[in-house]
Amino acid sequence: MKEYRFYLLLALIYFLIFAIIYWPLFAKGISSTVAAFNYSGDVGADMWGLWWTQYAIFTLHTSPYSTNLLFYPVGAAGIPVAFFPIASLISAPFEIISLAFAYNIIFILGFVLSGVFMYMLAYYLIRNRYAAFIAGIIFAFAPQHIAHSFACLDWVTIEWIPLFVLLFLMMVKERKTKYAIFGAIAFI
């Protein structure tokens, strides 16, 4: 139980760093996305992808990777904006409030979890909490990550990379099937 409290505190610290960097998001509230402050990128397409994925799965009971809502009447297959299915499923309950709010939740989680998962990976490798914390900051708030966060949600949701590497290393070292299963989920 103590370890969970530590990771919650760690997530809170990374969230506070995020809040300092992206303070306009909190000033505007739930009606606007953080990317709207930069007026660039594919925010509209990403929001549509979040909405479409959960709508296709839960309402239409079909694959989110094809639709006749685009390029009617022919439709479109292999929709590029629906390539973040985990983010779409996580955002689904928040879409009740608003699609912009759901987008912002995924945006925030992308940075906070990037820091936490990189911390976990770095700590697993070097067993130094301070160095692991710095590694989490460097990975989560790298200039490349922040600069491209306005362009596309795919650039925001990089938190799965260190989680996959961590689970892969644990699978190789400990030879447990659960790490392979969770690693495959993180990879997807």
Exercise. Measure nothing fancy, just the Cα-based angle from helix 99-126's long axis to the longest principal axis of the chain, in degrees from 0 to 90, nearest 10.
Key: 30
Quiz item: Taking the Cα centre of the chain as the origin, how large is its charge dipole in debye, to the nearest 20, when only Lys and Arg (+1) and Asp and Glu (-1) carry charge on their Cβ atoms?
Solution: 740
Exercise. Determine the distance separating the Cα centre of region 156-188 from the Cα centre of region 45-63; give it in Å without decimals.
Key: 26
Exercise. Can you tell me which of 49-58, 125-134 comes out highest on packing, and rank the rest after it, using the mean Cβ neighbours within 10 Å?
Key: 49-58, 125-134
Quiz item: What is the helix-to-structure angle for 2-21, meaning the angle in degrees between its Cα long axis and the longest Cα principal axis of the chain, kept from 0 to 90 and rounded to the nearest 10?
Solution: 60
Quiz item: What part of the accessible area of region 115-188, given as a whole %, is carbon or sulfur when the probe is 1.4 angstrom?
Solution: 73
Quiz item: In square angstrom, what is the accessible area per residue of region 35-188 with a 1.4 angstrom probe?
Solution: 53
Quiz item: What fraction of the Cα pairs in the chain, stated in percent, has a spacing above 29 angstrom?
Solution: 28
Quiz prompt | Gaussian network model of the chain, springs between alpha carbon atoms under 10 Å - residue of Leu89, Leu109, Leu163 with greatest fluctuation | solution = Leu89
Quiz item: Relative to the longest principal axis of the chain, what angle (0 to 90°, nearest 10) does the C-alpha long axis of helix 160-174 take?
Solution: 50
Exercise. Show Ser114, Ser66 ordered by accessible area, largest first, where the area counts protein heavy atoms only and the probe is 1.4 Å.
Key: Ser66, Ser114
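The values are calculated or read from the model by the stated rules, or taken from the named source; none is laboratory data. Keep in mind the model is a prediction, meaning the values are calculated, not measured. Don't worry about glycine lacking a Cβ; one is built from the backbone with ideal geometry, like all the others, and counts go over all protein chains shown. Side chains included, ligands, DNA and RNA excluded: accessible areas come from the protein's heavy atoms. Shrake-Rupley method; radii C 1.70, N 1.55, O 1.52, S 1.80 Å.
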